[in-house]
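Q: Here you go, one structure.
No lab work stands behind these numbers, since they all come straight from the coordinates. These numbers come from a predicted model, not from an experiment. Counting neighbours? That spans all protein chains shown, and the Cβs are built from the backbone with ideal geometry, glycine included.
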Amino acid sequence: MATENSTRTRPATRQKRTDILEAAVEIFGNKGSTNGTLADVAEQVGMTHAGVLHHFGSKQKLLLEVLAYRDQADVAELDEKHIPGGPELFLHLVRTAFANELRPGIVQAYTVLSNESVTDDHPARGFFEERYTTLRREVSEAFRELCAQEGVTEPDTIAAASASILAVMDGLQLQWLLHPEIVGLGEASEFAIRAIVGAVLRQPPELETYVREV
């Protein structure tokens, strides 16, 4: 049974974990997961190294919690706390891109960690492999539902289009972080998603048609 004292401390504990996660987002975003240390995070929140370990156990666990925290932010306003399915998914991706313009810190942390994850033995590699596999599947399912609604025979471009949408979104995030005064993250992401969805539905001619022989 929870005592009155433990009930009072739970909100404080949750807030402290959130404070640590937000500090870790900033540290890992600025320094990367290798150069960013638990000592840096602890200093940011006015705690000891041991205090951070008390809440998260290890740097690897904190790193994975940061990534989960980022994904939770994407669906925080949704009733089911999960990305929608079907054609609504494409609208969600556009809304997420516009929302990301208001949270550059978490976008930077995600971009840094996702790029680092391709290196040998990186603790987040498994997270990103699973994440991309899941997202490609969900986007492909959304394309199939959209094609059925529009009366379009399911084209063989769905797999490539699904991977392309994810690649464009992540690539635009990098460009936006480097040149926020030039690249509009939301606007450019919406343009790209509309173009890719349109290409799947209209099935335009092969690119080779427009390439002159050398």
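Q: Calculate the radius of gyration of the Cα atoms of the stretch 13-116 to one decimal place, then report Dmax, the largest Cα-Cα distance, as a whole number, both in Å.
A: 14.8, 47
Q: Per q in 0.12 1/Å, what log10 I(q)/I(0) does a Debye calculation on the alpha-carbon atoms of the chain return?
A: -0.74
Q: Another question about this same structure. Report the FRET efficiency, 1/(1 + (r/R0)^6), for H54 and E187, where r is their Cβ-Cβ distance and R0 is 35 Å, rounded to 0.05. Write down the numbers at each step before the final one.
A: Working: r = 44 Å, r/R0 = 1.24.
Rounded to the nearest 0.05, the efficiency is 0.20.
Q: Using DSSP to call loops (not H, G, I, E or B), can you name the trypsin sites (Lys or Arg not before Pro) in the stretch 87-146 whose Cβ has at most 10 other Cβ atoms within 10 angstrom?
A: none
Q: May I ask you to compute the full-extension gain from F98 to T13, defined as 0.36 nm times their residue separation minus their alpha-carbon distance, rounded to one decimal in nm?
A: Stretched out fully, the F98 to T13 stretch lengthens by 27.5 nm.
Q: Turning to a different aspect of this structure: Using the basic label-point model (7 angstrom from Cα toward the beta carbon), what is the A163 to A199 distance in nanometres?
A: 1.3
Q: Round to the nearest 0.05 the FRET efficiency obtained for R144 and A73 when R0 = 22 Å and r is the Cβ-Cβ distance.
A: On the way: r = 28 Å, r/R0 = 1.27.
My answer for the efficiency is 0.20.
Q: State to the nearest 20 debye the size of the charge dipole of the chain about its Cα centre, where the only charges are +1 on K and R beta carbons and -1 on D and E beta carbons. Display every interim value, and only then the final one.
A: On the way: 20 positive and 32 negative charges, 151 e Å.
Value, rounded to 20: 720 debye.
Q: Before rounding to the nearest 500, sum -39500 (n - 2.57) across all DSSP H runs of length at least 4 in the chain and divide by the residue total; then give [θ] at 222 nm in deg cm²/dmol.
A: Working: 9 runs with 156 residues, N = 214.
-24500 deg cm²/dmol, from helical runs alone.
Q: Run the numbers on the chain and let me know its relative contact order in percent, using alpha-carbon pairs under 8 Å that are six or more apart. Don't skip to the end; give the middle numbers.
A: Numbers: 178 pairs, mean separation 42.6, N = 214.
Averaging sequence separation for qualifying contacts and normalising by length gives 20 percent for the chain.
Q: How large is ³J(HN,Hα) for each residue in the stretch 156-163, as worked out from phi by the Karplus curve 6.51 cos²θ - 1.76 cosθ + 1.60 (θ = phi - 60°), to whole Hz, x for Gly and Pro?
A: For the stretch 156-163, the Karplus-derived couplings read 8, 9, 4, 4, 5, 5, 5, 5 Hz, x marking Gly and Pro.
Q: What's the longest uninterrupted piece of the chain once you rule out the GluC sites (Glu not before Pro) that are loop residues per DSSP with at most 11 other Cβ within 10 Å? Please list the in-between numbers first.
A: Working: sites that count: E77, E80, E181, E206, E213.
For GluC sites (Glu not before Pro) (loop position, at most 11 other Cβ atoms within 10 Å), the longest site-free span of the chain is 81-180.
Q: Quick one: length gained pulling H179 to N115 fully straight, 0.36 nm per residue minus the C-alpha distance?
A: Values: separation 64, 0.36 × 64 = 23.04 nm, distance 1.82 nm.
Full-extension gain reported as 21.2 nm.
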